[in-house]
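J.: This is the structure I have questions about; it appears just below.
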Amino acid sequence: MKQFAELFMNLDRTNKTNAKVELLKQYFLTASDEDKIWALTLFTGRRPSFKVNRTMVKEWAAQEANIPMWLFQESYHSVGDLGETISLLLPKNQTFDSDKTLTDWFHYLGMLPGMTDEEKRDHIIQAWMQLSQHETFVFNKLLMGSFRIGVSQTLVVRALAEATEIDSNVIAHRVMGQWDPADTTFEKLILDKGENDNASRPYPFFLAYAIEGTVADLGQPEDWFAEWKWDGIRSQIIYRNNELFIWTRGEELSTEKFPELHFLADVLPNGTVLDGEIVTYQDDRPMPFNVLQTRIGRKNLSKKVLEEAPVAFLAYDILEANGVDVRSHSQQQRRAELEALHAQMPAQRIFNLSPLIDFKEWEELANLHSLSREQNAEGFMIKRKASTYQVGRKKGDWWKWKIDPLSVDAVLIYAQKGSGRRAELFTDYTFAVWGEDGKLVPFAKAYSGLTDQEIGQVDYFIKRNVLEKFGPVRTVKPELVFEIGFEGINESTRHKSGIAVRFPRILRWRKDKKAEEADTLENLKGILEMYK
Amino acid sequence: MPSQPLLQFTGKSIYCSVADAHIDPWIPVDKAIITHAHSDHARWGSKHYLAHKDSEPILRLRLGQDISLQTVEYGEKFVINGVTFSLYPAGHIIGSAQIRVEHKGEVWVASGDYKLEDDHFAVPYEPVKCNVFITESTFGLPIYKWQPQHEVMSEIDTWFAQNKAEGKASVLMGYSLGKMQRILKNIQLPDEPIYAHGAIYTLNDRLRQAGFDLPELTLVTKETDRKLFRGALVLAPPSVDSSTWIKKFNPYSLGYCSGWMALRGAKNRRAVDQGFVLSDHVDWPDLNRAVKETGAEKVFVTHGYTSIFSRWLNENGIEAGEVHTMYGNEDENEEEEVVQDAAVASESYEQHKAKLDDEIENTSKEKSPTGDLGVEGGREL
């Protein structure tokens with residue numbers, strides 16, 4: 001555990017990619033195979049759930065620290081990270097000499113699910129008493145934390161590739177899909193000894209960068225395909241060994257969530273992997289994303305939901321055909337293979353092709369681009385006909401050309417402290433526009449879009465202009481105006497404003513504007529009418 | 001009719017109306033009693049100042065050579081219109097004091113900023129019995145619990161030794177006044193020269209001239225041969241990390257000494273290689289201990305986590321109220337300082353030094369040129 005805690009703290013401390021890769025590599029070269037697989041579990045977001053109630057853990061920690069709950073909460077708001085807060089509040093241990101390994105701690109935590117609350121409490125406090133402050137922090141992360149320390153899967157893959165001297169594309173593929181640290185080993189999974197029969201394993205997605213400059217810079221139009229960029233869920237559909245698997249880009253196995261697509265198990269040839277977008281689809285066109293959103297989080301898909309938000313799969317690539325990995329074929333060739341497959345399929349509306357856009361000149365494409373919103377698309381994907389299907393986000397062959405966001409000028413009215421790197425700074429903002437009654441109506445929360453320097457300035461303003469406190473939320477004197485961009489807008493009964501915007505973010509700080517000059521709810525409703 | 005409290009929070013100082021004297025006023029007044037020389041407590045423009053004698057060199061450097069300043073020893077009593085004042089060590093920085101105010105048997109103590117641990121440079125904190133205690137709460141949350149000083153200092157020693165072995169400069173940032181002297185008194189000093197930024201160099205020089213036992217520092221100038229920085233210790237104020245000044249030390253490791261380094265978020269935001277948790281303010285346990293030791297029946301909580309700490313005291317049977325002052329910068333920026341373009345500062349040093357020497361020799365009536373160098377100010381945006 002000491003080794004892992006040290007790795008964790010060191011990773012956390014640096015923001016240099018190469019330094020992170022080096023730290024991970026050293027870890028993978030020196031840690032035991034057992035620990036490595038657990039570390040990998042954490043870094044790839046596969047931390048098992050130990051069924052502990054965060055509220056109870058907070059209460060236990062407050063009791064141990066001998067402070068009232070409100071003071072615990074205040075501390076938490078300042079630190080911004082629950083695991084860290086607890087590690088700072090617990091009495092300092094005089095003797096912490098536990099030599100349990102990372103694996104040992106996972107086994108220790110693995111005992112929790114069967115326990116009563118009382119037993120869980122003792123079990124966890126017992127652990128806290130054996131660990132140093134840093135170790136307690138890492139332990140808390142194992143117990144219930146999100147593992148956000150700026151280590152992307154790509155970095156882990158790079159480090160593993162360097163440590164094992166295996167090609168990084170191969171490693172990327174091996175760490176994907178469904179595996180459980182409890183019944184695999186580092187050797188099987190990464191060194192691929194006996195584990196290559198993993199039928200559900202998806203391929204790493206090829207991701208695009210936003211286009212730089214104009215499309216004309218890409219060269220000859222005839223070298224490129226263009227497709228609509230759909231606003232749905234990027235997914236891979238796998239049919240192998242007579243079993244269907246649907247993976248989303250977040251590497252979540254979501255087969256059960258899309259019963260409409262289960263018929264594919266009866267029609268796809270064995271050894272097929274398709275890449276495409278799951279969208280809600282009606283009257284031969286995709287519906288807005290918020291319709292899809294109504295069913296994403298649900299455990300039970302009622303008949304009503306299935307009727308109101310039916311999905312379809314818009315395929316745009318084929319990665320495996322008849323059990324053969326075809327990612328090295330050209331985009332053009334894969335498209336032909338995909339079309340040939342699709343031609344044999346029934347229910348072509350539910351398993352549909354993402355159409356190629358017909359254009360001869362870039363100018364033509366640019367004209368069509370402005371029609372994206374009407375198609376419920378976010379713009380175009382532009383793919384080089386000669387390109388292979390690559391791993392992760394790569395520049396050069398796939399580009400996304402998104403439409404400009406919609407935007408309004410809004411007033412900052414609430415603020416809350418951030419977490420992690422931004423703990424102690426007010427970085428989470430709520431913005432409002434003017435309602436008909438002359439009052440500010442909140443309509444969006446946004447976190448990102450400001451530079452560190454601007455964040456500092458806004459934070460400075462907020463700290464001196466707090467009107468009220470509600471728990472961690474501060475009401476701020478309505479004075480600062482920001483241009484808020486968003487990708488989509490929809491009616492909402494859940495929000496006071498009656499509208500919900502998608503992907504709101506700060507485009508810029510309008511220091512030139514006074515609060516009175518911000519946009520009105522009427523302006524927002526106007527945008528809504530335009531894109532309904 | 002209830003009589004007026006002995007000390008009042010007027011919005012421009014902590015004010016004693018009977019004596020017509022202000023403690024740490026943030027606007028110019030007639031009589032200013034200064035707890036310590038940090039810029040958020042010792043502000044410019046008052047007619048007469050009174051402070052502990054060890055604050056004198058810095059106050060004159062920062063507020064002007066010609067200010068009207070009366071100095072006293074710790075424990076020395078002086079009476080203004082029947083009110084007895086005396087200063088007691090606060091342990092925060094050199095010359096820092098708690099102001100004890102006594103009138104008709106009632107005792108108030110305004111403690112300014114303080115810490116309980118002996119830093120081997122400032123005279124250590126002494127608890128003072130009082131009826132009413134005015135305390136800071138910069139780190140008034142139970143998450144703040146300092147390690148013993150010697151542990152932090154040995155972390156610094158280890159970091160420096162490792163950088164030296166790797167041929168890197170160790171650029172150590174911290175508040176010029178207080179933190180840097182504390183570091184110099186507690187780390188293992190290298191045999192080689194210790195380099196310093198102008199802000200720190202000037203202070204150190206002044207304190208040495210005033211007879212304080214501090215090692216000699218070497219000023220970093222534009223002309224300093226960069227090769228000399230290899231493996232050297234370089235002391236710098238906290239604002240240099242985003243300046244071009246720091247580039248000349250490449251390759252270097254960047255360390256930062258501050259109480260805020262206790263939190264990962266703050267540490268990562270600072271993007272330093274090494275955060276050392278070292279503060280000249282009381283941590284949570286010491287804050288509680290200090291309040292208890294005064295025996296005060298009422299406590300006023302100023303700058304920091306005022307509402308939280310006063311609620312905590314009230315719940316624990318000590319009557320407490322929160323007071324808003326302009327000390328500190330709410331709960332951020334314990335030690336931000338304005339150091340104007342550091343490179344320019346170094347360049348203008350020679351010029352400045354000449355003036356400085358003149359002043360000391362002639363005790364000239366000319367206004368000191370402190371605006372250029374080593375002046376710390378509250379961060380104004």
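The values are calculated or read from the model by the stated rules, or taken from the named source; none is laboratory data. The shown structure was predicted, so the numbers you read here are calculated from the model rather than taken from an experiment. When we count neighbours, we look across all protein chains shown, and the Cβ atoms used for this are built from the backbone with ideal geometry, even at glycine.
J.: Quick test of your reading of the structure: B:Trp260 fulfils all but one of (1) within 14 Å of chain A (Cβ to nearest Cβ); (2) surrounded by 20 or more Cβ atoms within 10 Å (Cβ to Cβ); (3) not in a helix (DSSP H, G or I). Name the failing condition by number.
T.: (3)
J.: Would you call A:Glu308 of a type outside the set (Lys, Arg) and either within 30 Å of A:Thr44 (Cα to Cα) or modelled with pLDDT of 90 or more (or both)?
T.: No; evaluated as a whole, the condition is false for this residue.
J.: Could you please tell me which pairs satisfy a Cβ distance under 6 Å, a separation of 6+ or placement on different chains, a first residue in the range A:212-224 that is within 18 Å of A:Ser330 (Cα to Cα), and a second residue that is assigned to a helix (DSSP H, G or I)?
T.: From the range A:212-224, the pairs are A:Pro221/A:Trp362.
J.: Further question on the same structure: Criterion first (over 30 Å from B:Ser3 (Cα atoms), crowded, with 20+ Cβ neighbours inside 10 Å and among the aliphatic types (A, V, I, L, M)) does B:Leu50 satisfy it?
T.: In short, no.
J.: Restricting the search to the range A:389-443, which residues are among the aliphatic types (A, V, I, L, M) and within 14 Å of another protein chain (Cβ to nearest Cβ)?
T.: A:Ala415, A:Ala423, A:Leu425 - these are the residues of the range A:389-443 that are among the aliphatic types (A, V, I, L, M) and within 14 Å of another protein chain (Cβ to nearest Cβ).
J.: Moving on. In this structure, is A:Tyr429 over 26 Å from A:Ser235 (Cβ atoms) and modelled with pLDDT of 90 or more?
T.: So A:Tyr429 passes the test.
J.: Tell me, yes or no, whether the range A:351-373 has at least one residue that is touching a Ser or Thr at 6+ places or on another chain (Cβ under 8 Å), at pLDDT 90 or above, within 22 Å of A:Arg234 (Cα to Cα) and in a loop (DSSP other than H, G, I, E, B).
T.: No: the range A:351-373 contains no residue that is touching a Ser or Thr at 6+ places or on another chain (Cβ under 8 Å), at pLDDT 90 or above, within 22 Å of A:Arg234 (Cα to Cα) and in a loop (DSSP other than H, G, I, E, B).
J.: Is there a residue in the range A:106-114 that is of a type outside the set (Val, Ile, Thr) and closer than 22 Å to B:Trp284 by Cβ?
T.: no
J.: Could you check, for the range A:287-297, whether at least one of its residues is modelled with pLDDT of 85 or more, touching a helix residue (DSSP H, G or I) at 6+ places or on another chain (Cβ under 9 Å) and crowded, with 16+ Cβ neighbours inside 10 Å?
T.: Within the range A:287-297, not a single residue is modelled with pLDDT of 85 or more, touching a helix residue (DSSP H, G or I) at 6+ places or on another chain (Cβ under 9 Å) and crowded, with 16+ Cβ neighbours inside 10 Å.
J.: Among the residues of the range A:490-524 satisfying the criterion of being crowded, with 16+ Cβ neighbours inside 10 Å and part of a helix (DSSP H, G or I), which is farthest from the chain's Cα centre (by Cα)?
T.: Within the range A:490-524, the match that is farthest from the chain's Cα centre (by Cα) is A:Ala515.
J.: Counting only residues that are more than 25 Å from B:Pro142 (Cβ to Cβ) and crowded, with 19+ Cβ neighbours inside 10 Å, which one in the range A:77-107 is farthest from the other protein chains (Cβ to nearest Cβ)?
T.: Result: A:Thr103.
J.: May I ask you to list the residues in the range A:483-532 that are among the aromatic types (Phe, Trp, Tyr) and out of contact with any Gly (no Cβ under 8 Å at 6 or more places or on another chain)? Can you show your working first?
T.: From the range A:483-532, those among the aromatic types (Phe, Trp, Tyr) are A:486, A:503, A:509, A:531; that's our starting set.
Selection gives A:Phe486, A:Trp509.
J.: Which one of these is at pLDDT below 95, in a loop (DSSP other than H, G, I, E, B) and not assigned by TED's automatic domain parsing to the domain that holds B:Phe212: B:Arg62, B:Arg43?
T.: Residue meeting the stated conditions: B:Arg43.
J.: While we're here: Quick one: count up the residues across the range B:213-246 that are part of a loop (DSSP other than H, G, I, E, B) and over 23 Å from B:Asp157 (Cα atoms). I'd like the intermediate steps shown before the answer.
T.: Initially, the range B:213-246 is screened for residues part of a loop (DSSP other than H, G, I, E, B), giving B:213-217, B:220-225, B:230-232, B:237, B:243-244.
Applying the additional criterion that residues be over 23 Å from B:Asp157 (Cα atoms) yields B:221-225, B:243-244.
Selection size over the range B:213-246: 7.
J.: (1) at pLDDT 85 or above; (2) within 12 Å of chain A (Cβ to nearest Cβ): which one isn't true of B:Leu219, the others all being true?
T.: Checking B:Leu219 against (1) at pLDDT 85 or above; (2) within 12 Å of chain A (Cβ to nearest Cβ), the one that fails is (2).
J.: Of the residues in the range A:64-76, how many are within 7 Å of chain B (Cβ to nearest Cβ) and assigned to a helix (DSSP H, G or I)?
T.: Qualifying residue count for the region: 4.
J.: Another question, then. Name the single residue that is surrounded by the most Cβ atoms within 10 Å (Cβ to Cβ) among those in the range A:21-63 being within 14 Å of another protein chain (Cβ to nearest Cβ) and more than 18 Å from A:Val138 (Cα to Cα).
T.: A:Ala62
J.: Still on this structure: Go through the range B:269-323 and give me each residue that's within 11 Å of chain A (Cβ to nearest Cβ) and either surrounded by fewer than 18 Cβ atoms within 10 Å (Cβ to Cβ) or more than 20 Å from A:Leu89 (Cα to Cα) (or both).
T.: Hits for the range B:269-323 are B:Arg269, B:Arg270, B:Ala271, B:Val272, B:Asp273, B:Gln274, B:Pro285, B:Ser307, B:Glu315, B:Asn316.
J.: Here's another thing I want to ask about it. Restricting attention to the range A:466-489, which residues are within 30 Å of A:Thr294 (Cβ to Cβ) and in a loop (DSSP other than H, G, I, E, B)?
T.: Filtering the range A:466-489 down to residues within 30 Å of A:Thr294 (Cβ to Cβ) leaves A:470-473, A:482-489.
Passing the criteria: A:Gly471, A:Pro472, A:Glu487.
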